[in-house]
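These notes are about the structure you will find just below.
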């Protein structure tokens, strides 16, 4: 098997890597990077730099201004962008917009693509995906969905509460998941322009991470009216479309955070080469060099897991099982890498003198976002047991 990159992808990787190091990293001390994520003003400044470098939204379909990268191409581009947590913001390949772009490209009607997808793909707008709920509603178990949509003439009225809705503050539109029938799997996706007084952000949650624009919001939806033309896909097929979005989105999370883990490992390695303790550099002590070796192996394993899942998706597979495995393997390997890197850095690792402290907090959340590791293990184990019992 040939794992070498085609020249076009190798060149793109070098372009993005140079751009992020040169033009994005200097913004990491910008006060507009707040505890609730980068501000839209900062995003626009970063997007302008990426646009000048011809790197804005390279992942989107060519008809909407991108380079139409397949999943393996995204693996290269998004890892390079993730070297700085502001890199995906600059290139406009951050969550939730990257996942919403993919979903709209697959499911939306031509009219919906012009109204919602084209400005989103060009980086002119942001979006949010409203599925997760508090109070016994949809979370890791999406069939517990409580938000309901009822017919209203030629359209629908939606009511419910959502939470941990990433990017809701400042989004130009939302994709809302709501129950439209009495069956456990009967849900529908709806598009709605924002702001709208019936889609009210009641609180922005204080969370461990800080790299998502707009933070994570609690949203009350009260008698929100949407037109029939704003149903995304078919009525009652919302959970099927969620899988269209979620399997690739889990993988692109892995790609971006792998880049951040590489950055943490680089910081730890440079420190270990220069810091002297007990008469020799830290890296000369086996206790430290072994941690760096374990980092290198975890990074290698994570990259292979991503590439295998990307190959499955590019080959026409649904990739559900593979993306679940990749999500668990990568989120836990990336966490180990960043945790070890902080340990190698010692006291400086817990300060913001290096980017590792911030990366540490973000990647810890990754083991929960897009399904906790335990939920993916449960689903994988159920498939394994089911397959064995049928033999």
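Observations
- Yes/no for residue 316 being under 29 Å from residue 285 (Cβ atoms), over 16 Å from the mean Cα position of the chain (by Cα) and surrounded by fewer than 18 Cβ atoms within 10 Å (Cβ to Cβ): no
- Every test in (1) in the same structural domain as residue 197 (by TED's automatic domain parsing); (2) free of Cβ contacts under 8 Å to residues at least 60 places away in the same chain; (3) under 27 Å from residue 213 (Cβ atoms) is passed by residue 158 save one, and that test is (2).
- Residue in the range 26-65 that is surrounded by the most Cβ atoms within 10 Å (Cβ to Cβ), counting only those that are in contact with a strand residue (DSSP E or B) (Cβ under 7 Å, 6 or more places away or on another chain) and not in a helix (DSSP H, G or I): 36
- Hits in the range 256-274 - residues which are in contact with a strand residue (DSSP E or B) (Cβ under 8 Å, 6 or more places away or on another chain) and without any contact (Cβ under 8 Å) to a residue 24 or more places away in the chain: 273, 274
- Candidates 312, 338, 288 - the one that is at pLDDT below 95 and out of contact with any strand residue (DSSP E or B) (no Cβ under 7 Å at 6 or more places or on another chain): 312
- Qualifying positions in the range 140-168 - touching a helix residue (DSSP H, G or I) at 6+ places or on another chain (Cβ under 9 Å) and part of a loop (DSSP other than H, G, I, E, B): 140, 141, 145, 153, 154, 167
- Residue in the range 293-303 that is assigned by TED's automatic domain parsing to the domain that holds residue 247, touching a residue at least 12 places away in the same chain (Cβ under 8 Å), over 26 Å from residue 59 (Cβ atoms) and surrounded by fewer than 16 Cβ atoms within 10 Å (Cβ to Cβ) present: yes
- On the stretch given as the range 187-208, residues that are buried (at least 21 other Cβ atoms within 10 Å of the Cβ) and over 16 Å from residue 172 (Cα atoms) total 3.
- Checked against the criterion of being at positive phi, in a strand (DSSP E or B) and over 19 Å from the mean Cα position of the chain (by Cα), the range 229-244 contains not a single residue that satisfies it.
- Looking at 123, 153, 137, just one residue is surrounded by fewer than 18 Cβ atoms within 10 Å (Cβ to Cβ) and either on the phi > 0 side of the Ramachandran plot or modelled with pLDDT under 95 (or both), and that residue is 153.
- Here residue 259 meets the list (1) within 26 Å of residue 74 (Cα to Cα); (2) surrounded by fewer than 23 Cβ atoms within 10 Å (Cβ to Cβ) almost entirely, failing just condition (2).
- Checking residue 271 against (1) at pLDDT 95 or above; (2) within 27 Å of the chain's Cα centre (by Cα), the condition it does not meet: (2)
- If you check 278, 290 for being on the phi > 0 side of the Ramachandran plot, out of contact with any helix residue (DSSP H, G or I) (no Cβ under 6 Å at 6 or more places or on another chain) and assigned by TED's automatic domain parsing to the domain that holds residue 350, only one passes: 278.
Results for (1) in a helix (DSSP H, G or I); (2) in contact with a strand residue (DSSP E or B) (Cβ under 9 Å, 6 or more places away or on another chain); (3) assigned by TED's automatic domain parsing to the domain that holds residue 37, shown as yes or no for each residue.
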| residue | (1), (2), (3) |
| --- | --- |
| 73 | yes, no, yes |
| 84 | no, no, yes |
| 89 | yes, yes, yes |
| 113 | yes, no, no |
| 117 | yes, no, no |
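- Set 87, 99: member being within 22 Å of residue 354 (Cβ to Cβ) and touching a residue at least 12 places away in the same chain (Cβ under 8 Å): 87
- Residue 176 vs. criteria crowded, with 22+ Cβ neighbours inside 10 Å and either modelled with pLDDT under 95 or assigned to a strand (DSSP E or B) (or both): yes
The values are calculated or read from the model by the stated rules, or taken from the named source; none is laboratory data. The model shown is predicted, which means the values in this text are computed figures rather than measured ones. So basically every Cβ, Gly included, is an ideal-geometry build from the backbone, and we count neighbours across all protein chains shown.
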